[in-house]
1. Tell me the total accessible area that A and B bury against each other, 1.4 angstrom probe, in square angstrom rounded to 100.
2. Averaged over all directions, how much area does the convex hull of the C-alpha atoms of the protein assembly as shown cover when projected, in nm²?
3. How many percent of all Cα-Cα pairs in chain B sit more than 45 Å apart?
4. Determine how large the accessible area of B:PHE519 is when every protein chain is in place; take a 1.4 Å probe and give Å² rounded to the nearest 10.
5. Per DSSP H run of n ≥ 4, the term is -39500 (n - 2.57); total these for chain B, divide by its residue number, and report the mean residue ellipticity at 222 nm rounded to 500 deg cm²/dmol.
6. Once label points are set 7 Å from the Cα along Cα→Cβ at both B:SER527 and A:LEU232, what is their separation, rounded to one decimal in nm?
7. Using alpha carbon coordinates only, what is the Rg to Rh ratio of segment B:60-324, with Rh defined as the Kirkwood radius?
8. Between segment B:404-426 and segment B:64-97, how many Å separate their Cα centres?
Amino acid sequence: MLLELQNISKQFDQKVVLENINLTINSGEIVSLLGPSGSGKTTLLNIILGLTKIEQGKVIFNDEDVSHVAMKNRGFNIVFQDYALFPHLNAYENIVYGLRNKKEGASAEDVREYIDFLELKPHLKKRIGELSGGQKQRVALARTLVTKPKLLLLDEPLSALDGVIKESIKERIKSIAKEFNLTTIIVTHDPEEALTISDKILIINQGNISQFGTPFEIINQPKNDFVKEFILRQLQIKRQNIFHLFGEKYA
Amino acid sequence: MRNAKPEIRIIFIIILLLFFAFLFIPLIVLFLRSFMMEDGGIGLSNYIASLTNDALIHAIGNSFKVSGVTAIITTTLAFALAYAVNCTKIYQPLKGAVKIGILIPMLIPTITYGFAIMYTFGNQGLLTKLFGRNLFEIYGFNGLLIGYVIYTLPAAFLLIHNSFKYIDKKFIIVSKLMGDRTLRSFWNTVTRPLLGALGGAFVLSFILSFTDFGIPASLGGTYDVVATQLYQAMLGSIPDFSEGAVIAVLMLFPAVIGIFLLNYLERFNFHYDKFSETEITSSKFRDSFYGVISAIILLGMLSIFAVMFITPFVTAFPYDLSFTWEHIAGVFQSNDLVSVYKNSLIVAVLTAVLGTVIAYGSALLNARTKVKGRQTVDVFSMITNTVPGMVLGLSYLLLFNGSSLKGTFLIIVLCNIMHYFTTPYLMAKNALTKMNPGWETSGELLGDSWVKTVYRVILPNSISTVLEMFSYYFMNAMVTISGVIFLVSAQTTVVASKINELQHFAQFNEIFVLSVLIFLTNLLVRSVCEVLQKKVEIYKK
Ligand SMILES: Nc1ncnc2c1ncn2[C@@H]1O[C@H](COP(=O)(O)OP(=O)(O)OP(=O)(O)O)[C@@H](O)[C@H]1O
Ligand SMILES: [Mg+2]
């Protein structure tokens, strides 16, 4: 056991955004937060990160209550949906930005390894504006990994990318998590993405946990109508469309 | 970011203190002073005395009349120019000339306009010589009108020009395709979406003219306006601080109403958030019409300023037009004038540096932190926008008269910083709001403190705006007279207020030399800032 959320609730001026979230995530797992727009995914991610304060509930990390530990001291890190890369620095300068602040961060050796692994070598001298979406994504990922986070958070890492790049980044994230044994939490609103990338999926609807389980469990034992109607239905339509496109011989 | 960090709180407190000491308290003192009676009691007697004073009532009437006519003319001309630049296919270099030429008046003190107009239309003026007779009487209404129009045209043009950018010109084509007649099309696609901006330009020109001191100081003659009355009350032969306070409050009134109107008119502006670049259709008649109009406006303005550049280089304008360095050399040999120019430089540099720091810090708090009460900065910005320079200067005079701040550069600098706060603040706020909201969090997660993130990330990404703010503050501090006229001492006289003194000795050559110096200094600062901005842009790409 690594990260535990106990009874987390969150309101923004009277409006309940999250209600009684209980959850345990194990070391090295990739977990997706899946839910429709406005369901509270980003809010939950920000609570784990320490950016959003909670009035109720606890965030426990390795048996230590970090609910009131400042964001900076939790040792987690995030890749924002829009990357928040610094445009006045080039790709390399962005990647090593945090190095001079963190002594326990990555060594020069590690940095080279991340750069190789993310295939960023040819792009190091480029300015942020010259990078494609997928390249920016990888630079942001590298910048975050360099700080050696204990927990990696990704907010919609794939939504700004197109088809082929999406698949390759997906694989990359998966292999990073495995290679560096990094516990990773990914926010997404795409069921297919969630089910193919993660070990476990947390489905949120209107601030409540709809179901938490492995992809197999979600597909085969949907717990309620929401999971059936909104999550599985989407996948079935997609499957039909694809069968239709390729014809019966692929069925 | 969520719970304010100590360093953020400290900055906030400093800014609050500054605005309390140098904006709120002076204004409160001014108000109180206007109600304070001779026996020390509180009452309306000052107001009654002033409002039964025929001369003042007459001056207020004059101010309304000349400012109103100015506003109508300026708005019309500014609209014609903005339309020519944005919606016609007039000769491209002419467009460029309009966009740059229109800004020239901003580089010169308003008081100089007056003398330039005198030398153009006056008894010995350039045009008078050309036509062989006086075209019209320039002292009084006509002269003020010309001066105010020149003074307010740049601001009005910029306002309308900016709004044109938010108009989707494709609608002009759509309207044509729908079969609209010219007039109806013009109304629906240009005038109607610009109503807010046109109203804004009108109000802005009105307030600027109503509160300016430089132009009536040089051209007013016996035609009294509120600004000259205020000056008389405070620095005339029999100073009357109570009357001054009352006039200042009366001057504040239209300005306050004007600012509310401006905010209200803002709602009429259309904001097409997505608009496309559209090819402008050609029209021979339209293009020649607007081409001629813009050329006339521009040439008219430039011809007035031309004397300012000619006079200092000729022996005795307009009688002896032989070239000479005498006047220029004279100014540089005069310790007095050189030190006045130095004073102006000191004031402008200090204003620009400190002002930029304060405005940037305020915008930073407002746009990029969640510190409680950060909205107060917006209130400050609205108030500084409302208070005319003369009123602010007068309130400083009343409050700091007995203090050690009196007669220092610091008090002039602070007055300028407050007086011109709104625009640089909004520039910074605008730029900072557009930046990625995740940078502070990213910086923090990467181990930076807030201050360090500001220094390493936020600042480098807003250098261009900072330069813009700097040059705005610098140029305005260089040319302002209304803001500082009550605050300068013999040791801290700046060029604009010196010109006001020189006119009494008819030293017009010196006046023009000093004005040209200001103009060139402003031009230099502006150009350096622009070059640096371009450099930053290239470097960013
Ligand atoms: N700072 C805030 N103040 C007030 N309400 C907020 C705030 N942040 C989020 N909310 C509200 O909380 C709810 C959940 O927002 P959240 O951003 O967590 O949704 P999400 O699941 O990430 O949605 P999306 O898929 O659109 O990103 C929304 O209704 C949103 O309006
Ligand atoms: Mg979200």
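1. What A and B bury together is about 2300 Å².
2. Details: hull surface 177.4 nm².
Reported value for the Cα convex hull: 44.3 nm².
3. Values: 25147 of 146070 pairs.
Every Cα pair in chain B considered, those over 45 Å come to 17 percent.
4. About 20 Å², rounded to the nearest 10.
5. Details: 26 runs with 378 residues, N = 541.
Only helices count here, giving -22500 deg cm²/dmol.
6. Taking the simple label geometry, B:SER527 and A:LEU232 are separated by 7.5 nm.
7. Values: Rg = 20.9 Å, Rh = 20.3 Å.
Taking Rh as the inverse mean 1/r over Cα pairs, Rg/Rh reads 1.03.
8. If we compute the Cα centre of each part, the gap is 32 Å.
The values are calculated or read from the model by the stated rules, or taken from the named source; none is laboratory data. Predicted model only: the values in this text are computed from it and were never measured. For neighbour counting, all protein chains shown are included, and Cβ atoms are generated from backbone atoms with ideal geometry for every residue, glycine included. When the accessible area is computed, the model is the full protein with side chains, heavy atoms only, and any ligands, DNA or RNA have been set aside. Shrake-Rupley method; radii C 1.70, N 1.55, O 1.52, S 1.80 Å.
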